[in-house]
Amino acid sequence: MQLGVNVPNFGPGTDPGVLREWAQVVEGLGFGLLMMSDHVVVTPEVAERYPEPFYEPFTTLAWLAGVTSKVRLGTTVLILPYREPLLVARTAGTLNRLSGGRLVLGVGVGWSRQEFQALGVPYSARGRLTDEHLATLRKAWDEEADGGAGPIPLWIGGHSEAAVRRTIRFGDAWHPLRATLPAMRAVLAEHVLPGFAPRIALRLTDAPIDDPGRLAGTGTVEQVLDDLDQLRQLGAETVLLDPYHGDPEDTRRPHAAWRALATVADRWRTAP
């Protein structure tokens with residue numbers, strides 16, 4: 001099982017230099033995947049969670065592809081209904097080729113009504129549009145015959161039954177975001193999915209967290225390592241660690257996240 005990192009591409013402490021450092025840390029620690037978020041319009045609703053500056057993911061990942069050599073690069077998640085699907089297919093295909101086949105495209109339906117309104121996309125149609133766009137992506141990639149860098153893994157984000165059905169129909173992996181182990185286990189017990197690649201929180205504590213609603217990836221390092229082992233037993237091919245916990249000021253002090261990632265990476269490599 002491979003580990004990856006969700007890198008903040010937003011917030012007051014984020015700039016090109018910090019993003020370059022993030023990429024070097026993630027690759028240097030031996031993580032196999034670097035992913036980042038997506039928003040097109042930073043409305044007040046979006047800014048509460050992901051304040052400016054917000055770096056567009058395709059552009060940023062293309063730039064980071066040039067300063068890395070091994071780590072895979074991806075979106076967690078690209079809000080698919082916002083974009084014309086043939087443009088997404090072309091942009092993703094180009095990035096995949098330029099990076100040597102390192103792209104993973106995680107997609108979702110989106111949640112911000114204000115952002116949908118600003119872009120002139122009907123919020124109530126986001127599920128249908130996502131399905132239509134996924135079908136277009138698959139068709140466009142299947143029809144390409146120009147010797148590209150290989151297929152692009154398509155991860156479907158979300159926890160709903162619709163997201164699970166979407167994964168089965170279009171995806172290469174189900175990509176739930178910041179869930180509990182029991183919630184993920186229940187879905188996997190009920191459905192046969194093409195793959196499983198969750199994004200979990202990463203928050204290390206000195207004392208164990210006994211709350212039954214504890215998110216996977218939170219607690220002592222022993223709890224986190226046990227979570228990772230259980231996810232591996234559930235069939236996860238990749239687990240993405242998300243060290244951002246909602247405080248934009250944390251983007252000014254990334255070293256705390258880097259220390260937590262280094263601790264988990266070291267302990268995971270040496271675990272029996």
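Only the coordinates and a few stated rules stand behind these numbers; no lab work does. Since the model is a prediction, treat every value here as computed from it, not as a measurement. We place every Cβ from the backbone using ideal geometry, glycine too, and count neighbours over all the protein chains shown.
Among Trp258, Leu64, Trp268, whose Cα projects farthest towards the positive end of the dipole of the chain, with charges put on the beta-carbon of Lys, Arg (+1) and Asp, Glu (-1)?
Selected residue: Leu64.
Net charge around Leu33, counting only other residues with Cβ within less than 15 Å of its Cβ (Lys, Arg = +1; Asp, Glu = -1)?
0
Read phi for every residue in the range 43-49 and hand back ³J(HN,Hα) as whole Hz from Karplus 6.51 cos²θ - 1.76 cosθ + 1.60, θ = phi - 60°, with x for Gly and Pro.
Using θ = phi - 60°, the values come out as 6, x, 5, 6, 4, 4, 9 Hz.
For a quick check, take a GNM of the chain with Cα springs below 10 Å and name the residue from Arg49, Arg199, Arg166 with the largest mean-square fluctuation.
Of Arg49, Arg199, Arg166, the Gaussian network model singles out Arg49 as fluctuating most.
Please name which of Leu34, Phe10, Pro53 has its Cα lying farthest along the dipole of the range 1-54 towards the positive end, using unit charges on Cβ (Lys, Arg +1; Asp, Glu -1) and the Cα centre as origin.
Leu34
Express as a percent, rounded to the nearest 5, the fraction of DSSP beta bridges in the chain (both residues included) that run antiparallel.
5 percent
Determine the sum of side-chain charges near Arg128: Lys and Arg each +1, Asp and Glu each -1, restricted to other residues whose C-beta is under 14 angstrom from that of Arg128.
Every neighbour counted, the sum reads +2.
If the only charges are +1 at each Lys and Arg Cβ and -1 at each Asp and Glu Cβ, what is the size of the charge dipole of the range 6-84 around the Cα centre, to the nearest 20 debye?
Charge dipole of the range 6-84: 320 debye, to the nearest 20.
Please give me, ordered by residue number, the GluC sites (Glu not before Pro) of the range 193-272 that lie in loop per DSSP and have at most 14 other Cβ atoms within 10 Å.
Here the sparse-neighbourhood loop sites are Glu237.
Relative to the Cα centre, what is the charge dipole magnitude of the chain, using +1 at the beta carbon of each Lys and Arg, -1 at the beta carbon of each Asp and Glu, and rounding to the nearest 20 debye?
400 debye
Name the most mobile residue of Leu231, Leu202, Leu29, meaning the one with the largest mean-square fluctuation, in a Gaussian network model of the chain with Cα contacts below 10 Å.
So, out of Leu231, Leu202, Leu29, the one fluctuating most is Leu29.
Under 1.5 on a/c is rounded, so check that first for the chain, then, if it is not, pick prolate when a/b is larger than b/c and oblate when it is not; a ≥ b ≥ c are the square roots of the alpha carbon gyration tensor eigenvalues.
Cα axes put the chain in the rounded bin.
For the chain, calculate the relative contact order in percent as a whole number, restricting contacts to Cα pairs under 8 Å that are 6 or more residues apart.
Relative CO of the chain lands at 20 percent.
Per residue of the range 187-192, in order, report the coupling 6.51 cos²θ - 1.76 cosθ + 1.60 (Karplus, θ = phi - 60°) as ³J(HN,Hα) in whole Hz, putting x for Gly and Pro.
With coefficients 6.51, -1.76 and 1.60, one gets 5, 5, 6, 9, 10, 9 Hz.
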